[in-house]
1. Name the single residue, out of those in region 250-285 being basic (Lys, Arg) and part of a helix (DSSP H, G or I), that is modelled with the lowest pLDDT.
2. Looking at the structure I just gave you, is residue 144 out of contact with any His (no Cβ under 7 Å at 6 or more places or on another chain), among the charged types (D, E, K, R) and within 14 Å of residue 97 (Cβ to Cβ)?
3. Of the conditions (1) crowded, with 20+ Cβ neighbours inside 10 Å; (2) outside the structural domain of residue 379 (by TED's automatic domain parsing); (3) of a type outside the set (A, V, I, L, M, F, W, C); (4) at pLDDT below 95, residue 291 satisfies every one except a single condition; which number is it?
4. Limited to region 134-187, what total is found for residues that are in contact with a strand residue (DSSP E or B) (Cβ under 7 Å, 6 or more places away or on another chain) and of a type in the set (S, T, N, Q)?
5. Take residue 208 and decide whether it is within 12 Å of the chain's Cα centre (by Cα), outside the structural domain of residue 345 (by TED's automatic domain parsing) and assigned to a loop (DSSP other than H, G, I, E, B).
6. Would you confirm whether or not region 181-189 contains a residue that is among the polar types (S, T, N, Q), more than 24 Å from residue 240 (Cβ to Cβ) and either at pLDDT below 95 or outside the structural domain of residue 294 (by TED's automatic domain parsing) (or both)?
7. Residue by residue through region 235-246, note down the ones that are of a type in the set (A, V, I, L, M, F, W, C) and either surrounded by fewer than 24 Cβ atoms within 10 Å (Cβ to Cβ) or more than 16 Å from residue 176 (Cβ to Cβ) (or both).
8. Within region 328-350, which residues are touching a Phe, Trp or Tyr at 6+ places or on another chain (Cβ under 7 Å) and assigned to a loop (DSSP other than H, G, I, E, B)?
Amino acid sequence: MLSILVPLGAQDKRSKKQILKENEELQQRIKDLEAEVAAFRADAAEREAIQEELSGENENKISSGMQDYVSSSTDTLLGQWYLHRSSKIPGREQYNMDSVHFTTNVPDSVLMQRLRDMNAFISLPYNETVKNYMILYSEKMPAKMGELLGLSDYYMPIFEETFRRYDLPLELKYVAIIESALNPRAESRVGAKGMWQFMYRTGINYGLKIDSYTDERMDPIRSADAAARYFKDAYRIFGDWPLAISAYNCGSGNVNKAIKRAGGKRDFWSVYEYLPKETRGYVPAMVGAMYAFRYANEYGLRPNPLALPVYVDTFHIHRNLHMNQISEVLGIPLDDVRDLNPQYYKDIIPGEGSDLVLRLPFSYSSPFLEMQDSIYRHRADVLFAEKVQDGRETVDGRPVPTSTANKGEWVYYKVQPGDNLGKIAKKYHTTVKQLKTWNNLKGDMISVGQRLKVGKR
């Protein structure tokens, strides 16, 4: 074997300058790697924080068992729809979707091609589960679909505008159909409310106002915005839209458990059998609804006449206002005002010291602006006689007169485990914004044992 002898000192003929340059390059690479590691850790910490926000109460939120809150007056067509609408996910109350096997005259090849032609950003492979939901929504519930199609003429443009703003797939709008059948007053047995079925704490975490007079979970616009932000966070965690949608239904914790049980696989059908029973049909049901909406004409499905006005104007309210004042002065049916503003569940818009939204039919915009003073004065002494005109100042949860609220001593509350600003505000009949102002809080974070001002004696 031929050996080549390299003279001592001949292995490295680089100059000192070259060595220093290479050393600098290596040091820079080390710095770059350290920066990447730091960025990775920061991203992991942020993901963990987001995931914690996505979890919590949503672990207990399942759509089945949904009950509707309906105003005592149901004179409008919309009110009648909500009163008579089925209590669960459409179709679930008639069929056990885990065992039913629907048949149709439409060949599988046609169903498969139609599914492909939808060219949806969120899609699922064609199988018996998806097929069952396609048939359910398109053939088995024509009356319900007529209602949903009618309501969608009003609500879907709102959702589309919201999801475009967050650069999200527009197909997410169909989640509201599975969650609540487009009922802004829907309420589940476990406390999820509104069209997007937010639990209390999750709603607070996503900026929805919930107090003694207002529950923005029932505001279709504000809750859709919160849902969009939830979806954006969920997709960042899971990187898969069907899993992100599943997390919306059962919480990120349950989806993570399913992923672990599936050996780390992160696609819907791999984790399907490990998801909660209700959630297994959640995404296929969404695809079934999408299909029925897209091919409604082929199945002879027509929207029922819509009770809500197509054109609505928005006003910012800074004074307390009763819906009866609006109805009686302007001649708008009270139910119409309620239907456009379901978040004010006591018929009072507590605008004093706040900036709240009122929606009215566009045809009443000018009369409302011209007659505002008369509206605010109308029967105010009667309508607010047993109500608190400024419910922010309280003692032990009991409102005190506004005229003396600022003259007494502060009442303090010691933060307990499980407390958050929304919970405390609700207990003392005040608002999160007011608690922040009183206690000079910049964010929503509070700690156990912290003393907070909650009102004056």
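1. Ranking the candidates gives 277 first.
2. Considered against the rule, which asks whether it is out of contact with any His (no Cβ under 7 Å at 6 or more places or on another chain), among the charged types (D, E, K, R) and within 14 Å of residue 97 (Cβ to Cβ), residue 144 comes out as no.
3. Answer for residue 291: the failing condition is (4).
4. Within region 134-187, residues that are in contact with a strand residue (DSSP E or B) (Cβ under 7 Å, 6 or more places away or on another chain) and of a type in the set (S, T, N, Q) number 2.
5. It is true that residue 208 is within 12 Å of the chain's Cα centre (by Cα), outside the structural domain of residue 345 (by TED's automatic domain parsing) and assigned to a loop (DSSP other than H, G, I, E, B).
6. Yes; the residues of region 181-189 include at least one that is among the polar types (S, T, N, Q), more than 24 Å from residue 240 (Cβ to Cβ) and either at pLDDT below 95 or outside the structural domain of residue 294 (by TED's automatic domain parsing) (or both).
7. 237, 238, 241, 243
8. 332, 344, 346
The values are calculated or read from the model by the stated rules, or taken from the named source; none is laboratory data. No experiment lies behind these values; they were computed from the predicted model shown. We place every Cβ from the backbone using ideal geometry, glycine too, and count neighbours over all the protein chains shown.
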